[in-house]
Structure formats: structure tokens, C-alpha cells
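The values are calculated or read from the model by the stated rules, or taken from the named source; none is laboratory data. Everything numeric here is computed off the predicted structure, so don't read it as measured data. Quick reminder, even Gly has a Cβ in these numbers, built from the backbone with ideal geometry, and neighbours come from all protein chains shown. Calculation scope for accessible area: heavy atoms of the full protein, side chains included, ligands and nucleic acids excluded. Shrake-Rupley method; radii C 1.70, N 1.55, O 1.52, S 1.80 Å.
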Amino acid sequence: MKKFIYIGALFLGGITLSYAQKVQVKKADKLYDNYNYIDAVETYEKVAQKGYKSAEIFQKLGNSYYFNANYNESAKWYGELFELEPVASDPEYYFRYAQSLKSVGEYTKADEYMEKFYQ
């Protein structure tokens, strides 16, 4: 009987954590949509550090840093995006990633993604 109680508690705990992360993402989305990128980054990073991975979060993290000229961080998050989804649907991410990589001195990799952008 105790086994079922523990399993139930773990299940409910998992649901609660999942719901909490979705609430955090909605909060960050609202900040992002209002061009408040710096505050949105804090929330997105907390969610990402807890293991929640999605292309949308990585795109918004990359964009937030890119629009604030923090190219080290934008390259990091665009890199995470392309690891999660090797072929992003929107070519602008190839361009932004290539520009971010050039800014941090990774010219060979930047050329590779710029070539993908041109295709």
C-alpha cells in the first residue's frame, strides 16, 4: 500500500513541477512580447536550467541576447536550438546564429551556418 502512496506522490509532484514551469514560461512570454528581453531572459534561463527544453524557449533566449548585443550568450542558446532541432524552420535563425558566432570569433562554424542561411 505504501508503494502506491509513494508512486502517487511522485506523480502529483511531477505534474506540479510541470505546471509551475508552464506558468513561468507564460510569464516570460508576456515580458518577451513587451520587448522586456532582460527580464524575460531571467525566467527563461531558470526554466531551462530545470531541464525544460523547447525550441521556442531557445529561440527566445537567443533572440533576447541577440537584440541586446550579447553575442556570447546568443550563440550559446542558438547552438542549443540547433542541437534540439538541427533544421530550424525559419532561416533568420541561421543568420542570427552565424552573426553571433562571427562576433565571438568562431568563423568556420559561422560560415557553415551562413551557407545554410543562403540555401
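Things to note:
- Members of the range 83-107 that are open to solvent by 70 Å² or more (accessible area, probe 1.4 Å) and either touching a Cys at 6+ places or on another chain (Cβ under 7 Å) or under 14 Å from Ala55 (Cα atoms) (or both): Glu83, Leu84, Glu85, Pro86, Val87, Ser89
- All positions within the range 59-77 that are in contact (Cβ under 8 Å) with a residue 24 or more places away in the chain and loosely packed, with under 14 Cβ neighbours inside 10 Å: Phe67, Asn68, Asn72
- The listed residue being open to solvent by 80 Å² or more (accessible area, probe 1.4 Å), assigned to a helix (DSSP H, G or I) and either under 24 Å from Ala28 (Cα atoms) or in contact with a His (Cβ under 9 Å, 6 or more places away or on another chain) (or both), out of Glu80, Glu112, Glu56: Glu56
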